Amino acid sequence: MKPRRKGATSPPAARHPRKKPTMEALLAERGIVRSTLAGIPKRDRADVEQAVFIGAWRAIRNGRYRPNPNDDPRDALRKWLHGIAWRQAAKYLDSAWVRRCVLDPQPLSRLRGIVGPSLDAQVEARDLLRAIERLEPRHQEILLAVDTPETLSAYAAQRGMNPFTAASRLRIARAMLALRIQRWRR
């Protein structure tokens, strides 16, 4: 057994005995779980509900469901499931996918007026191509090689050079392009 630090306290002991309700008892309380998950979009609600019941069942199997014996068994189970559903809903709403999701009932309606890239993007792309055009040919070659599907090491192997040399040349070419763009925009 590991020696304890001075002043360390032990975790609180479980105060109540373990209970093992059946899966049917859990599923009978589906209404409280669904009402707790009401704020979640319908398309994802069934998945989060499933996560609630899987989490509750695992907790029961691991002995973490310990309701107060003085409480009504059904009320205790409902409160416990409500807590699990609340935490699963919070996990869902805090997930990166949900935070960055932009829903639009008519996703293509915004695109009707737009035919191609914006005028600003076209002008900027032309300026960038002019800046690349003004670079030395060796810098142009390595910068344009990055856009091909082959890797930088495959590019280096085709030309009989060390991959680290190719990476160094790419870094130098990028620096030269950045310098060219910076001078040109002043």
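Brief remarks follow.
- Meets criteria (at pLDDT below 85, of a type in the set (Val, Ile, Thr) and not in a helix (DSSP H, G or I)) for ILE114: yes
- Answer residue from the range 25-74, given it is β-branched (Val, Ile, Thr) and buried (at least 18 other Cβ atoms within 10 Å of the Cβ) and is farthest from ARG87 (Cα to Cα) among those: ILE60
- Residue within the range 56-66 that is part of a helix (DSSP H, G or I), basic (Lys, Arg) and either at pLDDT below 90 or not assigned by TED's automatic domain parsing to the domain that holds LEU179 (or both) present: yes
The values are calculated or read from the model by the stated rules, or taken from the named source; none is laboratory data. Quick caveat: nothing in here was measured; it's all calculated off a predicted structure. As a convention, Cβ positions derive from the backbone with ideal geometry for all residues, glycine included, and neighbour counts pool all protein chains shown.
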